[in-house]
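Data first, discussion second: the structure below is written as structure tokens.
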């Protein structure tokens, strides 16, 4: 990523951060003045994950300035604004750093669990610090403020990170009918969600029916990324979240139960949306771990001929089918990756075993590289000698994230 491109993206991140923060600060607890949901948390985490590490310092400073101006705009003192900015951005940075530090190539489930664990733990630390500061400055209930701050960060991180990363996820090529089907499901999602969550509270029978109907938008939401890819799924989830939060804030829909205090229906809406977001992430994991996501090759070391398995077609298949000789493959790798790839092949040819995985960059074009992981490498004895069978899987499906990992 060039500096000019980064600073253009930084401007976009700052504008989005301020806009989401402005909305979040209107959804606050009137007593503690802490927002019930902090949307910028997820945006900041996604921004750090999508940005090369060499740009993390200016990204942090840019978001820090915006966060401080945001609090000042909402009539907080400069001292409180600076403290809130340190706590908030420190929390977001820590989550992104832990995810990048402990991520495992080709293990999306592990990476997602690291992200969730970091979100829960660091948000608790940030909530304790933030609630402590508010308690020092104002006469508030510490436990209640702690809970609101923690839930606001966790929900904001889960919702916005899911949406932003889904938008940046490289989509597969879709047929027209799948796009039309996805748009139809999106329309059905908006209509069903608007109907269910715009209904006022009625009798117990009607409320039970509304609770049942609330499952329909979730099922439609889960179907959209399966049918039409993650980007349309992310846009649909954004629409879904806006509808649910808007009506819940106005005390409508099945999540408004008589007796709840101000803001508590919104907390129920957060749980509802967070559960849907987690289901979406598990759908992404399952989509990535189906057998068809693996590309396998058959190498004859004596001749250097490469043959690719065409029974499991992936987004990588059209590119690798153009590579028919080992020299054509090696010239697409860096010198270090070439050396290690040859060493692995030589080990197999001489009767050894290779059990470790091998991450590497494959150049698809002069300007595009993709991060891959060789997950299996075995030798098969043949009359003409040992032949090699290997399997590759996409380590990172998104080109933007792959480039960020390469430049870090």
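Output the residue which, of all residues in the stretch 142-166 that are surrounded by fewer than 18 Cβ atoms within 10 Å (Cβ to Cβ) and either modelled with pLDDT of 80 or more or not assigned by TED's automatic domain parsing to the domain that holds residue 227 (or both), is farthest from residue 245 (Cα to Cα).
Filtering the stretch 142-166 down to residues surrounded by fewer than 18 Cβ atoms within 10 Å (Cβ to Cβ) leaves 142-144, 147.
Still in the list and also either modelled with pLDDT of 80 or more or not assigned by TED's automatic domain parsing to the domain that holds residue 227 (or both): 143, 147.
Details: 143: 24, 147: 19 Å.
Filtering first and then ranking leaves 143.
Determine if the stretch 357-375 includes at least one residue that is outside the structural domain of residue 108 (by TED's automatic domain parsing), in a loop (DSSP other than H, G, I, E, B) and touching a helix residue (DSSP H, G or I) at 6+ places or on another chain (Cβ under 7 Å).
The first filter runs over the stretch 357-375 and keeps only residues outside the structural domain of residue 108 (by TED's automatic domain parsing), leaving 357-375.
Next, from what is left, pick out any that are in a loop (DSSP other than H, G, I, E, B): 357, 366-367.
Narrowing further to those that are touching a helix residue (DSSP H, G or I) at 6+ places or on another chain (Cβ under 7 Å): none.
No, the stretch 357-375 contains no residue that is outside the structural domain of residue 108 (by TED's automatic domain parsing), in a loop (DSSP other than H, G, I, E, B) and touching a helix residue (DSSP H, G or I) at 6+ places or on another chain (Cβ under 7 Å).
Looking only at the stretch 74-104, which residues are without any contact (Cβ under 8 Å) to a residue 40 or more places away in the chain and assigned to a helix (DSSP H, G or I)?
78, 79, 81, 82, 85, 86, 90, 94, 98, 101, 102
For the stretch 353-384, name all the residues that are surrounded by 18 or more Cβ atoms within 10 Å (Cβ to Cβ), under 26 Å from the mean Cα position of the chain (by Cα) and under 17 Å from residue 326 (Cβ atoms).
Correct list: 358, 360, 362, 372, 374.
Could you list all residues from the stretch 8-22 that are closer than 18 Å to residue 168 by Cα and either in contact with a strand residue (DSSP E or B) (Cβ under 7 Å, 6 or more places away or on another chain) or at pLDDT below 90 (or both)?
Passing the criteria: none in range.
Matching residues to (1) within 30 Å of residue 193 (Cα to Cα); (2) at pLDDT 80 or above; (3) within 30 Å of the chain's Cα centre (by Cα); (4) not in a helix (DSSP H, G or I):
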position: 274; (1), (2), (3), (4): yes, yes, yes, no
position: 278; (1), (2), (3), (4): yes, yes, yes, no
position: 282; (1), (2), (3), (4): yes, yes, yes, no
position: 285; (1), (2), (3), (4): yes, no, yes, no
position: 299; (1), (2), (3), (4): no, yes, no, yes
position: 306; (1), (2), (3), (4): no, yes, no, yes
position: 313; (1), (2), (3), (4): no, no, yes, yes
position: 318; (1), (2), (3), (4): no, no, yes, no
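Can you name every residue in the stretch 44-59 that is buried (at least 18 other Cβ atoms within 10 Å of the Cβ) and assigned to a helix (DSSP H, G or I)? So that I can check it myself, show each step before the final result.
Let us first name the residues in the stretch 44-59 that are buried (at least 18 other Cβ atoms within 10 Å of the Cβ), namely 44-51, 55, 59.
Scanning the stretch 44-59 gives 44, 45, 46, 47, 48, 49, 55, 59.
How many of the residues in the stretch 149-171 are farther than 18 Å from residue 90 by Cα and assigned to a helix (DSSP H, G or I)? Before the answer, list the steps.
Of the residues in the stretch 149-171, the ones farther than 18 Å from residue 90 by Cα are 159, 162-171.
From what is left, the residues that are assigned to a helix (DSSP H, G or I) are 159, 162-168.
Number of matching residues: 8.
The values are calculated or read from the model by the stated rules, or taken from the named source; none is laboratory data. In this text the structure is predicted, and so the values were computed from the model without any measurement. When we count neighbours, we look across all protein chains shown, and the Cβ atoms used for this are built from the backbone with ideal geometry, even at glycine.
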